[in-house]
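A.B. asks: The following block contains the structure, expressed as C-alpha cells.
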C-alpha cells in the first residue's frame, strides 16, 4: 500500500484574540482543534460544516498560509508542518487553491494571460516568456476558453468564465493537491454544473487530489470519496461519501442532512426529521465537553464532561458521539 | 385533496398585487440596460409565490420597481403596478410611504446592510412601528417590539432588543428583519433572497418560520430566489425568470414533475440531488446568461437551448397557456409549444421527455 498524498494528524490552529476584554484563558480561538485525516492521490476529501466551523482555516493551515499550532501535515512524504517560508515554494507547486469568489480573487488590472502565467513566473523562472505563453494557451483551451481570451481583463468575463480562469491559475503548475474552497457557491445555478464537470474531468485526466469544501451537501456528496463533518474545530463524523448520507450517525450530521431542501415539493411535505435548532456557539467560548451538546436533542450529562472521541464503527465510518460509543 | 382545493380556489381568487407589462431599464452614460422587458406577474391573495432566476434575470428589479425602490439610475419605462385598485407607478410619495413597510413589506438578502449598526434592534423595530402612524406610547411600542421578537422565535427577547446588530448572528439578524417587516401587519411580504447568505441549517429555520407566519397571518409572500430547492419547501406557485422575461409560470408540483421550458428543465437537471449517481456527469446548461446591454431579439435562452430553431433566434415567443397532463394554470414562453410554429424532428422527442418528467 502506498502512502497517502496528504496526511493530517491532530492538526490544531489556534488564534489569539486581542482586545476581547475576556479572561486570558478564554482569549484563544481554537479554530481547528485536533483534526486527523488522510487523502490519497486522485481522490476527493469533502469537508462540510456551518460557517465558522473551521473548515476554511483547516484548508489554509494545510496550504501553510498559517503555521499550525500543533499536529503534523505530511504532503507527498514530506513533513511540511513547520517548514520555513524559504523552503515552502517547491511545496506550494504541489498544492494550489481555487477560491470561492472569482470576482474578488482575480486582479482586475491583469489580463487573463498574465493572471494564468503569474504562478509560472513565481515558480518556474526557468521558463521563457514564449514557453509560458504556450503553457497559458494550452491551459486556456483545457478549461474551455480560447487563445483569443488571453488579452482580455476579468471584467469582460461572466462569473463562470472567471472561475475557469481561477481553475487555470490553480492547475498551470500541475499540482497534486488542489484545495477547492466553495468553488461554485458564488456562481449562477446554471453554471455550477459546468465547473463541477470541469473539476471532475481534470481529476480523471491528471490524477488530482481535491480537498473540497462546500456548504452544499448534495454537491459535496457528488464530488467526494470521503466526507468529514466539522463542528467548532473538530471532526464529528467521517465516512465514505455514500455511507454518510445513507447512515448518518452523529446527531449534528443528521440535523444538517435534514436541513437540506428535499428537492421536490412532495418530498418537502413528507419530511419528518427536524433540522438543527439554534446557532453555532461562539468559538471564543465553546461549550465544555462535546461542543454540539447545546443544540443536540440527545444531550446527556456526560456530554458536558468530556468530548467523545472519534470512534470507528466499521467500513471506515467514524463518529464522535456517546450515542454510538457508550 | 387539500392542495387541489387550495389551487382551484386560488385560481379564481383576486390578486393582491398585479404587475402588468412592466419594462424597467437602467441607464448608464453609455447605454440603456433593459433589466425587465415586459413582465406580467399577479400575486394572489394568501399564496406564496416563488420567483426563480439567476443573477441578472430581473427578478429583484421587478419587485423593487413594484415598490418604486429603484436606484436613481433605474426607471420604469412602461407598465402598471396595480395594488388596492390603484396604479403604484402613479402614486404620490405619501401614498408610497404608506404602502412600503405598512402594507407591503420587503426583506433582503443581507440583513447586516439593511440594519442600522448604531441603533439597537429594539429601537429599529420601534421606529418601524411608530413610522406608520400608530399613535402608541412608549410602553405599548416596547410591548409590541417584544411580541414581534417572540413571534420570530428570537430567544431571550428582553435581552436581545437592547443589543446591536453586530451582536446578532446572521440567522438572528434575518429574524430581526422579519420582525421589522411584520411590525405593521403587512398583507404582502416580499422576501428577496432572504436565505441565500445563510447556512443550510439556518436557511431551514428561516423557511420554517416564513411558512408558519404565512399560515398564522394569512399574508401573501413573494419569495425571490435562485434556489429551486428552497422554492419547493415553501411555495405553492412559481414564476421562472430569465433575461428580464417570465419564461414559465406554474403551480409548484407540476413544475417539478414536468417542467415545460427548456431553461427550467436545464436548471432542474443540473442540480445533483442526494440520490444522484456519482459516476454520472452532471448535465449543465451550456454557455452563460446573455449580456443585457445587448439583449437578444428572439428568445433570450435560444443560444443555450438544445431545441433552438431558426424562429427562436429571430422572433421572441409569447407567454402562452399550456395544458399539460391535464394540469391547468401553466404558462410557458417557448416556440416548442406553439402548434402553428414550424416544427422540426427534435420537437416530438422533447415533448415525450417532458411528459416523463425530469429525474434529478
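The values are calculated or read from the model by the stated rules, or taken from the named source; none is laboratory data. Worth saying up front: this structure is predicted, and the values here are computed from it rather than measured. All Cβ positions, even for glycine, are placed from backbone atoms using ideal geometry, and neighbour counts span all protein chains on display.
A.B. asks: Filter region A:244-273 down to residues that are under 20 Å from the mean Cα position of the chain (by Cα) and under 30 Å from residue B:49 (Cα atoms) and give me whichever is farthest from the other protein chains (Cβ to nearest Cβ).
C.D. replies: A:257
A.B. asks: From A:100, A:85, grab the single residue that is without any contact (Cβ under 8 Å) to a residue 12 or more places away in the chain and in a loop (DSSP other than H, G, I, E, B).
C.D. replies: Testing whether each residue is without any contact (Cβ under 8 Å) to a residue 12 or more places away in the chain and in a loop (DSSP other than H, G, I, E, B) leaves just A:85.
A.B. asks: If a residue must be over 23 Å from residue B:185 (Cα atoms) and either within 9 Å of chain A (Cβ to nearest Cβ) or over 11 Å from the mean Cα position of the chain (by Cα) (or both), how many such residues does region B:219-247 contain?
C.D. replies: 14
A.B. asks: Right, here's the next one. How many residues, within region A:53-73, are touching a helix residue (DSSP H, G or I) at 6+ places or on another chain (Cβ under 9 Å) and not in a loop (DSSP other than H, G, I, E, B)?
C.D. replies: Adding up the residues that qualify gives 2.
A.B. asks: Quick check on region B:106-125. Is at least one of its residues without any contact (Cβ under 8 Å) to a residue 40 or more places away in the chain and farther than 30 Å from residue B:171 by Cβ?
C.D. replies: No, every residue in region B:106-125 fails to be without any contact (Cβ under 8 Å) to a residue 40 or more places away in the chain and farther than 30 Å from residue B:171 by Cβ.
A.B. asks: To continue, here is another question. State yes or no: is residue A:135 out of contact with any strand residue (DSSP E or B) (no Cβ under 8 Å at 6 or more places or on another chain), at pLDDT 95 or above and surrounded by 12 or more Cβ atoms within 10 Å (Cβ to Cβ)?
C.D. replies: yes
A.B. asks: Considering region B:177-204 alone, what residues qualify as being within 13 Å of another protein chain (Cβ to nearest Cβ) and part of a helix (DSSP H, G or I)? Break it down stepwise before answering.
C.D. replies: At the first step, the residues of region B:177-204 found to be within 13 Å of another protein chain (Cβ to nearest Cβ) are B:193, B:195-204.
Passing the criteria: B:200, B:201, B:202, B:203, B:204.
A.B. asks: Consider residue A:114 against the criteria (1) over 26 Å from residue A:200 (Cβ atoms); (2) free of Cβ contacts under 8 Å to residues at least 40 places away in the same chain; (3) in a loop (DSSP other than H, G, I, E, B): it satisfies all of them except one. Which criterion is unmet?
C.D. replies: Result: residue A:114 passes all but (3).
A.B. asks: Out of A:263, A:289, A:207, report the one residue that is more than 20 Å from residue A:35 (Cβ to Cβ) and free of Cβ contacts under 8 Å to residues at least 60 places away in the same chain.
C.D. replies: On inspection, the qualifying residue turns out to be A:263.
A.B. asks: Another one. For residue B:182, are the conditions met, namely being over 17 Å from residue B:108 (Cα atoms) and either at pLDDT below 90 or in contact with a helix residue (DSSP H, G or I) (Cβ under 9 Å, 6 or more places away or on another chain) (or both)?
C.D. replies: The answer is no for residue B:182.
A.B. asks: Looking at the structure I just gave you, is residue A:241 within 9 Å of another protein chain (Cβ to nearest Cβ), buried (at least 18 other Cβ atoms within 10 Å of the Cβ), in contact (Cβ under 8 Å) with a residue 12 or more places away in the chain and over 30 Å from residue B:254 (Cα atoms)?
C.D. replies: On the way: within 9 Å of another protein chain (Cβ to nearest Cβ): yes; buried (at least 18 other Cβ atoms within 10 Å of the Cβ): yes; in contact (Cβ under 8 Å) with a residue 12 or more places away in the chain: yes; over 30 Å from residue B:254 (Cα atoms): yes.
When the stated conditions are applied, residue A:241 passes them.
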